[in-house]
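The values are calculated or read from the model by the stated rules, or taken from the named source; none is laboratory data. Nothing here was measured: the structure is a model prediction, and the numbers come from that model. Note: ideal-geometry Cβ built from the backbone for every residue, glycine included; neighbour counts use all protein chains shown.
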Amino acid sequence: MDRRNHLQSTIMTHDLEMSYVTDRQGSPQTLVCTKNRRNHVRRLAQYRSDLATMATLKNLFVTAVNQENKIVTLLTRLKKTAQDAV
């Protein structure tokens, strides 16, 4: 029982990507741990968002450079994109 409690508190303390349940059939009882993908799904969504943002920035930069190398155009477009995103 002490080992089970120790494992449960360690999982909770470190916010590990695991869920657990005590299998109460038989003796000794067994702690069944299952890895979940909560953080992975969140990080994957952030990664995809970052990729989309980088693609937008790349397109803005290429367009600005093609328009007589005016960096002012790039800055103006970046500000507009940031305002549209809000």
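For this structure, a couple of remarks:
- Any hit, segment 13-23, residues being exposed (fewer than 10 other Cβ atoms within 10 Å of the Cβ), at pLDDT 85 or above and among the hydroxyl-bearing types (S, T, Y): yes
- Residue within segment 51-69 that is at pLDDT 85 or above, among the polar types (S, T, N, Q) and in a loop (DSSP other than H, G, I, E, B) present: no
- Checking E17 against (1) in contact (Cβ under 8 Å) with a residue 12 or more places away in the chain; (2) among the charged types (D, E, K, R); (3) assigned by TED's automatic domain parsing to the domain that holds L78, the condition it does not meet: (3)
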